[in-house]
Each structure stands twice: as C-alpha cells, then as structure tokens.
Amino acid sequence: MSIDRKPRSEQRWRDIIKDCQESGQSIRSYCLRRGISEGAFHYWRKKLPHQSEPKLNQFISPTFVPVRLLNPTSFRIKVHCPSGHLVSIVGVDGQTLAAVFASLGGDSSC
C-alpha cells in the first residue's frame, strides 16, 4: 500500500513560503539559512497559488436582481453647472424635472 505524500509536501511548502514572507528576509537569505533550495522555493511559490485560487469565472455568473422603486414618480439628480455650482434636486416629479432641464438648456450658465 502506497501513501500519497503530495498533500503533506504541499502543506509543508505553504508553511515555508508563509514563514519566509513573515520573516522579512529576502528569499535567498531565508533559503540559505534554512538549507532550502532556492529553485525549489520559487517552483513551489509559483505552483501553489495557482492551485489554491479559484478561477474568477468559475463561481461568478451574471444575475439580474429585481429592483422596486419606492416612489417611481420622484427623482434625485445633481447638476454640475459650468459656473461651478452644484444643484441637487430630490423628490421632484417628472414635469418639474423636465422644466429644470429645459431652463438649463441654451445659454444658461447656472
């Protein structure tokens, strides 16, 4: 009966990589002081993150969420005027909103 040592080896390298990051030492210095092959360190550092990180599109699927407007006849807008003024309009009906935009058209500079 053979024992699969791969998971134990991967965990060992995860621990080594984490310890190196937390040590504040360069990889070269860390490996030299611990008798670890720098080539093996780079190999495992490159290999492990790719296996542990899920692929972005693997779990995300586009969905649409229904939105219910509390008061569908009121609006909230902000108008940035060329003069630098900011006009905030909250809770107005569509007619008032149309009148505001009509008055801002043309040569009006707020």
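Taking 7 Å steps out from each Cα toward its Cβ at VAL79 and ARG34 produces label points 6.5 nm apart.
Residues whose amide H lies under 5 Å from that of VAL92, counting only those 5 or more places away or on a different chain, are PHE75; hydrogens are built 1.01 Å from N in the peptide plane. Taking a Cβ cut-off of under 14 Å around ILE89, the surrounding Lys, Arg, Asp and Glu residues balance to a net charge of +1, with basic ones at +1 and acidic ones at -1.
With a Förster radius of 22 Å applied to the C-beta separation of ILE27 and LEU48, the computed FRET efficiency comes to 0.95.
Every read-out reported here was derived from the displayed coordinates using simple, explicitly stated rules and does not represent laboratory data. Computed from a predicted structure; not experimentally measured. We place every Cβ from the backbone using ideal geometry, glycine too, and count neighbours over all the protein chains shown.
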